[in-house]
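Here's the structure, in structure tokens; my notes come after.
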Amino acid sequence: MVKMGLLRLFACVLFAFSIVESTVYFKETFGDADWEKRWISSTKKGSDAGKFVLSAGKFYNDPELDKGIQTSQDAKFYGISAKFDEGFSNKDKELVIQFTVKHEQTIDCGGGYVKIFGHDLDQADMHGDTPYNIMFGPDICGPGTKKVHVIFNYKGKNLLTKKDIRCKDDEMTHLYTLIVKPDNTYEVRIDNEKVESGELEQDWDFLPAKKVKDPEAKKPDDWVDDAKIPDPEDKKPDDYDKPQHIPDPEAKKPEDWDDEIDGEWEPPMIDNPEYKGEWKPKMIDNPAYKGEWVHPEIDNPDYAADSELYKFDDIGAIGFDLWQVKSGTIFDNVLIADSVSDAEEFTKETFDKTKEGEKKMKDDQDEKERKEREEEEKKKKDEDGAKKDDKDDEDEDDDEEEEEEEDEPKDDDDDDASEDETKDEEKVEGEGQDEDVAEGEDDAEEQPKDEL
């Protein structure tokens, strides 16, 4: 019984110890009105500084729980930071940095990263040259720059990762997590999935190279490092040399060419089809080839191993120090802890719930916009068709009016023709009457005078 009791006590002590050892140094969900008291804006940029506002954006899962701080002005610098209750060192512990980023404005150029500072940060004076411990998060600028920055400050120098870690560039909320481990390894996660990992010393230039070229070593004078040589037996053919250009045989001297005025006529030059280029002998294996000479290396006297590359003595503040051309990015669910399990639990409470509802709302909005766009296009098409029909009717009416106008002169001509016919008939009748009168007069002349 005593033994069982001791075992239970030991288990409880271990459990309690594990709870104590797991620490969340900073957590921010922007879920209350006091966030502006915790986060201090930098005044360094003056009128060039943009303002953060509280917003859940255009689409979300919960209009209140999904609120974060959003950049609100285009082409501005943004500087805001929050201090932890107290500074700490990550010596012999994991360091977990986690937050969400939502570029719902379809960002074309701008940062989306955080910076981790010491507890002595002058928040009102924070700017791009303010020393920091770590910079982590996405950065986008045009189609060429879409990366996740992971920058460590080591002995006063900011060291960029040698690896290209691609970030998300869509409009949805994404979770970025950096895990720095006390064995000098690291891991980068996006949406809680590992996208990169490795050793700090290998993926950053924390330390000089372990090996350097031996300054005393020289390549021997008789070292042959030409793998191929010209074949000494190969000879150029006698008929090989041909000019690259020749006079055009089909060219003719213009008939109006005057040698005295224009000078002596010369035909234009054309490429010679028989030209083979510069002759070179074929290459063969060099029998004296010894291989590529490799410069011998020695241990670098300046190299000194450091088992604490991961360690920072003072971690006490987090900030957003950004430039954005197009505003609209929302930052939320910030966590600084020394336990991956704590970060994963926080992810379940926040990001996992957000992403499903957010996607559904965005899909519904897109579907609604698609239908509205189709209806608008149909309406415009119908209006254009109606306008075309009206124009066709107007054109048809104009054509009918033109035809009527063309027909009217023809009626006048017919009337004129009728009048002419009437005049001709009258003329003919008149001529007939004249003939009758003339015949009567002739008859009278033929009668005897005594009958008169």
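The values are calculated or read from the model by the stated rules, or taken from the named source; none is laboratory data. Because the structure is predicted, anything quoted here is derived from the model rather than measured. Counting neighbours? That spans all protein chains shown, and the Cβs are built from the backbone with ideal geometry, glycine included. The protein model used for the area step is the full one, side chains on, heavy atoms only, and it has no ligands, DNA or RNA in it. Shrake-Rupley method; radii C 1.70, N 1.55, O 1.52, S 1.80 Å.
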Check: Want the number for TYR240 to SER22: 0.36 nm per residue separation, take away the alpha-carbon distance, what's left?
Finding: 70.2 nm
Next item on the list: Just the number, please: Stokes-Einstein D of the stretch 170-309 in µm²/s, Kirkwood Rh from C-alpha pairs, 10 °C, 1.306 mPa s.
Entry: 65
Notebook entry, point to check: Given the protein chains as shown and a 1.4 Å probe, how many square angstrom of ILE40 are accessible, to the nearest 10?
Noted result: 60
Check: Which of the lysines could a cross-linker span from LYS219 if the Cα-Cα distance has to be under 26 Å and same-chain partners fewer than 8 positions apart are dropped?
Finding: LYS210, LYS211, LYS228, LYS290
Note to self: So if I take the centroid of the Cα atoms in the stretch 301-349 and the same for the stretch 211-289, what is the distance between those two points in Å?
What the structure shows: 62
Next item on the list: With label points built 7 Å along Cα→Cβ from the Cα atoms of GLU369 and LYS58, find their separation and express it in nm.
Entry: 0.4
Notebook entry, point to check: Over the stretch 179-239, what per residue volume does the convex hull of the Cα atoms give, in whole Å³?
Noted result: 246
Next item on the list: Can you sort LYS228, LYS326 by 1.4 Å-probe accessible area, starting with the largest?
Entry: LYS228, LYS326
Next item on the list: Would you be so kind as to identify which of TYR289, MET269, THR347 lies farthest towards the positive end of the dipole of the stretch 214-351, taking Lys and Arg as +1 and Asp and Glu as -1 on Cβ and the Cα centre as origin?
Entry: THR347
Notebook entry, point to check: Taking the Cα centre of the stretch 134-221 as the origin, how large is its charge dipole in debye, to the nearest 20, when only Lys and Arg (+1) and Asp and Glu (-1) carry charge on their Cβ atoms?
Noted result: 360
Notebook entry, point to check: Taking 0.36 nm per intervening residue step and subtracting the Cα-Cα distance, what contour gain separates ASN286 from GLU396 on full extension?
Noted result: 30.6 nm
Checklist line | Residues of type lysines that LYS378 reaches as a straight line, Cα spacing below 26 Å, ignoring anything fewer than 8 places off in the same chain | finding: LYS362, LYS368, LYS387, LYS388, LYS391
Next item on the list: Go through LYS45/LYS147; LYS162/LYS326; LYS235/LYS282; LYS27/LYS51 and tell me which ones have a Cα-Cα distance over 18 Å in this structure.
Entry: LYS45/LYS147; LYS162/LYS326; LYS27/LYS51
Next item on the list: Calculate the length of the line joining the C-alpha centroid of the stretch 109-125 to that of the stretch 363-385, in whole Å.
Entry: 45
Check: For the stretch 316-375, what is the largest minus smallest coordinate of the Cα atoms on each principal axis, given in angstrom and ordered from greatest to least?
Finding: 55, 30, 10
Notebook entry, point to check: To the nearest 20 debye, what charge dipole does the stretch 73-151 have about its Cα centre, counting +1 at the Cβ of each Lys and Arg and -1 at the Cβ of each Asp and Glu?
Noted result: 280
Next item on the list: Determine the relative contact order of the stretch 224-319: mean sequence separation of Cα pairs under 8 Å and six or more apart, normalised by residue count, in whole percent.
Entry: 42
Margin query: Can you tally the net charge around ASP62? Count Lys and Arg as +1, Asp and Glu as -1, for every other residue whose Cβ sits under 13 Å from the Cβ of ASP62.
Written below: -3
Next item on the list: Once you have the Cα-Cα distance between ALA305 and GLU36, take 0.36 nm times their residue separation minus that, and quote the gain in nm to one decimal.
Entry: 92.5 nm
Note to self: If I take R0 = 56 Å and measure r between the Cβ atoms of LYS163 and LYS252 in this structure, what FRET efficiency does the formula 1/(1 + (r/R0)^6) give, to the nearest 0.05?
What the structure shows: 0.25
Item checked: Å² per residue, accessible surface of the stretch 158-272 at 1.4 Å -> 70
Notebook entry, point to check: Going through the stretch 29-95, which GluC sites (Glu not before Pro) have at most 12 other Cβ atoms within 10 Å and a DSSP loop state?
Noted result: GLU64
